[in-house]
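The values are calculated or read from the model by the stated rules, or taken from the named source; none is laboratory data. Remember, predicted model here, so these are calculated numbers, not experimental data. Every residue, glycine among them, receives a Cβ derived from its backbone with ideal geometry; neighbour counts consider all protein chains shown. In case anyone asks, the SASA skips ligands and DNA or RNA and just uses the protein heavy atoms, side chains included. Shrake-Rupley method; radii C 1.70, N 1.55, O 1.52, S 1.80 Å.
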Amino acid sequence: MKNCQLAIIGGGPAGLAAAVSAYQNGVRDILLLERDKSLGGILNQCIHNGFGLHYFKEELTGPEYAARFVAMLKETAVRVVSDTMVLDITDDRVIHAVNTDGYHTIRADSIILAMGCRERTRGAISIPGTRCAGILTAGAAQRFVNMEGYMVGKRIVILGSGDIGLIMSRRLSLEGAEVLACVEVMPHSSGLQRNIVQCLDDFGIPLYLSHTVTDIIGRDRVERVVIQKVDENRLPIPGTEIAFDCDTLLLSVGLIPENELSRQAGIRLDPRTNGPEVFENMETTIPGVFACGNVLHVHDLVDFVTREAQNAGKSAADYLLRDPMPATEAYRIEASDDISYTVPQKLHPAIPQKAVSVFFRVRRTFEKSHILVTDGETVLCAFSRERMAPGEMEQIYLPTALLRRAKGNTLYISCEEVSK
Amino acid sequence: MKELTCIVCPRGCRLRIDETRDFLVMGNGCERGIDYAKAEITSPVRTLTSTVKIVGACHPRLPVKTNRPIPKKLLREAMTILNRITVHAPIRIGDVIVKNIAGSGADLTATRDM
Ligand SMILES: Cc1cc2nc3c(=O)[nH]c(=O)nc-3n(C[C@H](O)[C@H](O)[C@H](O)COP(=O)(O)OP(=O)(O)OC[C@H]3O[C@@H](n4cnc5c(N)ncnc54)[C@H](O)[C@@H]3O)c2cc1C
Ligand code: SF4
């Protein structure tokens, strides 16, 4: 068995920023484990631009954003081991990994989980119809087209109008495919408005809202896809069928944090995020094990991933080189019904920083509104927003000085619209 | 009066533009929305991102982009040009792959070291 001070699992933007930050905060013995050939994670296949507007104040493509952090990593003495798959982590922080050199066990004093997320598949949303070829997730298609150089089809229907579905509609149209429809079960798209304009409208691709795929027909390969309008309970309405003759169906129906390893290690997961429950320093329920990026909760902007990962990297350095935080929880953060989750879920006592960041998502659209943080009786602080939507993650900074005024150990976060 | 969504940044402001009042723009969250709305109405532009064939690298496709937005109507022509290109590794980020693509004035550059 080998030893190391800090092991980071996953070399996407989260793992890269965590590694650089831990190094800058004094940790010298760092191992970064990545299963792919190269670093950068999902960014390598996201060749479109729109990355880094917050962090670098310029618009970069995915590979360019990754390259900036790979360059920063080269300045450090972090050891990168790619083409290496982590199979298991134990609760006493022993990592089991495999690569072409064989099977390895590594004991780490601290671990940062940065495995990202994976896509929901047909099975996860149970679409009826035959099991023919030509059905794949939008992210798999993105990798085929943008990295491996394979075109996935000629006549394509896309289910799901989140950003990945929209980006792939444009990408495949540019490559000469006919994208017949983008189908969305909800009455609104969860993607950014700018992507609806530049990915669908620019190419004349129709968006069918409140519709879903109800049948897939084909012997060996997809031949036809049937969609139907749905009612307010998302049940198909008979008589509204539209059939598309196509050879490919792409699914862009959501992402799930990749937490098999966390589960095996016995880390407590939050059923709302499907990711580990964490403190404000990104520490999980196992002391010395931290998590950041899409493995923790699904992010839409890589810039937020980077900041969260820097926090995890610094916290791991504090844990290893300075005083570890006690494993006690001083406050729990409770979200109101309009908020689907918060990250972090809990706070340590005596936090040294001036403020702690809290990410959350609203369940419905809010026009001009206030975000309120209370202790159940008094409002501790309030933040105003022009508009909030489920597709966009919100972030607030809670001043730690205010926490001392809180009675009890629960903080409640809620949103209310201000009437004009 | 025309309505459009600004695509310059993820905020996606809803812009209103009045052609009768010297292209007066309203609803913009920042200055960049004004330029966008005027350009979108007179001659819309987009940044093109795509890939070209590469040999001798770890993957067979090299990601590329136009180093500035090009007229929307030139997107198809630019795609036909880059579909015919094969480059050889090594390529550095920022290397010019095609100068002045489709006469747009923009260069097609690499977005990854390969
Ligand atoms: C299709 C798509 C389009 C997007 N578009 C935008 C955009 O326009 N703008 C924007 O800001 N953001 C965008 N995002 C979001 C952003 O790219 C992600 O939030 C970000 O990449 C997440 O980073 P990560 O490091 O957490 O995960 P990832 O990038 O997924 O990296 C995780 C890494 O961990 C590795 N790994 C996983 N399990 C193991 C294991 N067991 N052993 C070893 N290694 C492992 C993986 O191989 C991978 O390299 C997009 C995301 C997707 C999927
Ligand atoms: S007007 Fe400014 S803030 Fe609004 S979407 Fe355009 S660039 Fe963004």
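When the Cα positions of A:LEU32, A:SER357, A:MET115 are compared along the charge dipole of chain A, A:LEU32 comes out farthest toward the positive end, with charges on each C-beta of Lys, Arg, Asp and Glu. Electrostatic tally near A:GLU119: other residues with Cβ closer than 12 Å to its Cβ, Lys and Arg +1, Asp and Glu -1, net +3.
Overall form of segment A:188-249: oblate. Here a/c, set by the Cα gyration tensor axes a ≥ b ≥ c, is 1.5 or more, and a/b is not larger than b/c.
Could you state the per residue volume, in Å³, of the convex hull enclosing the Cα atoms of segment A:252-378?
Dividing the Cα hull volume of segment A:252-378 by its residues yields 139 Å³.
Sparse packing (at most 13 other Cβ atoms within 10 Å of the Cβ) combined with a DSSP loop state is found for the following trypsin sites (Lys or Arg not before Pro) in segment A:320-384: A:ARG322, A:LYS354, A:ARG364, A:LYS368. Treating each Cα of segment A:328-420 as one equal point scatterer and applying the Debye formula with no solvent, the log10 of I(q)/I(0) at q = 0.26 Å⁻¹ comes out as -1.48. So what is the relative contact order for chain A, in percent, with contacts set as C-alpha pairs under 8 Å and at least six apart? For chain A, the relative contact order is 15 percent.
Would you work out if segment A:5-149 is rounded, prolate or oblate? Take a ≥ b ≥ c from the square roots of the eigenvalues of the alpha-carbon gyration tensor; rounded if a/c is under 1.5, else prolate when a/b is larger than b/c, oblate otherwise.
Numbers: a/c = 2.26, a/b = 1.30, b/c = 1.74.
It comes out oblate by the Cα gyration axes.
Starting from a Cα-only point model with no solvent, please compute log10 I(q)/I(0) by Debye for segment B:32-75 at q = 0.15, 0.33 1/Å. For the requested q values the scattering log ratios are -0.50, -1.08.
Just report the Cα centroid separation between segment B:44-72 and segment A:306-382, whole Å. Rounded to whole Å, the Cα centres lie 40 Å apart.
Can you tell me, using C-alpha contacts under 8 Å and at least 6 residues apart, the relative contact order of segment A:146-269 as a whole percent?
On the way: 229 pairs, mean separation 34.0, N = 124.
Value for segment A:146-269: 27 percent.
For segment A:83-190, state which chymotrypsin sites (Phe, Trp or Tyr not before Pro) are in a DSSP loop and have at most 13 other beta carbons lying within 10 Å of their beta carbon.
Working: sites: A:TYR103, A:PHE144, A:TYR150; in loops: A:TYR150.
Listed in order of number, the matching sites are A:TYR150.
Dipole of chain A computed with +1 at Lys/Arg Cβ and -1 at Asp/Glu Cβ about the Cα centre; of A:PHE244, A:GLY160, A:LEU261, farthest Cα towards the positive end is A:LEU261. So which of A:LYS57/A:LYS368; A:LYS229/B:LYS2; A:LYS154/B:LYS73; A:LYS154/A:LYS229; B:LYS38/B:LYS65; A:LYS74/A:LYS314 end up more than 20 Å apart, counting from Cα to Cα? As for pairs spanning more than 20 Å Cα to Cα, those are A:LYS57/A:LYS368; A:LYS229/B:LYS2; A:LYS154/B:LYS73; A:LYS154/A:LYS229; B:LYS38/B:LYS65. Rounded, prolate or oblate, given the Cα gyration tensor of segment B:54-114, with a/c below 1.5 counting as rounded? Prolate shape, in that a/c is at least 1.5 and a/b is the bigger ratio.
How many partner chain Cβ atoms sit within 10 Å of a residue's Cβ in peptide B:8-17, on average, as a whole number?
Working: counts 3, 6, 12, 7, 8, 3, 1, 0, 0, 0.
Other-chain Cβ atoms within 10 Å of each residue's Cβ, averaged: 4.
Which net charge results when you count Lys and Arg as +1 and Asp and Glu as -1 among the other residues whose beta-carbon is under 10 Å from that of B:ILE17? Walk me through the numbers before you get to the answer.
Values: positive: B:LYS2, B:ARG16, B:ARG21, B:LYS38; negative: B:GLU3, B:ASP18, B:GLU19, B:GLU40.
Result for the neighbourhood of B:ILE17: 0.
Please give the net charge around A:GLY134, taking every other residue with its beta carbon less than 12 angstrom from that of A:GLY134, where Lys and Arg add +1 and Asp and Glu add -1. Write down the numbers at each step before the final one.
On the way: positive: A:ARG122, A:ARG131, A:LYS154, A:ARG155, A:ARG219, A:ARG221, A:ARG224; negative: A:ASP220, A:GLU223, A:ASP247.
Within the 12 Å Cβ shell, the charges total +4.
Per residue, the convex hull spanned by the alpha carbons of chain B comes to 109 Å³.
Surface burial for A against B, with a 1.4 Å probe and both sides summed, reaches about 2500 Å² of accessible area.
First compute the accessible area of chain A with a 1.4 Å probe, then give the percent of it belonging to carbon and sulfur atoms. If you can, show how the numbers build up before the last one.
Values: 8840 of 17650 Å².
With neighbouring chains kept in place, the figure for chain A is 50 percent.
Mean partner shielding of peptide A:49-60, defined as the number of other chain Cβ atoms within 10 Å of each residue Cβ, is 2. Rg/Rh, computed from the Cα trace of segment A:121-253 with Rh as the Kirkwood radius, has the value 0.94.
In plain terms, the bigger the Kirkwood radius, the slower the diffusion; for segment B:2-42, with that radius from Cα pairs, at 25 °C and 0.890 mPa s, Stokes-Einstein puts D at 250 µm²/s.
With a probe of 1.4 Å, find how much accessible area the protein assembly as shown has per residue, and write the answer as a whole number in Å². Present the calculation step by step, with values, prior to reporting the outcome.
Numbers: 23560 Å² over 534 residues.
For the protein assembly as shown, the solvent-accessible area averages 44 Å² per residue.
FRET efficiency for the pair A:ASP29 and B:MET1, taken as 1/(1 + (r/R0)^6) with r the Cβ-Cβ distance and R0 = 56 Å, rounds to 0.30. Among the residues of segment A:194-212, those with an accessible-area drop of 50 Å² or more from chain alone to full protein complex, heavy atoms and 1.4 Å probe, are A:ARG194, A:VAL197, A:ASP202. Rg/Rh, computed from the Cα trace of the protein assembly as shown with Rh as the Kirkwood radius, has the value 0.97. Projecting the Cα atoms of B:GLY94, B:ILE70, B:SER43 onto the charge dipole of chain B (Cβ charges, centred on the Cα centre) puts B:GLY94 farthest toward the positive pole.
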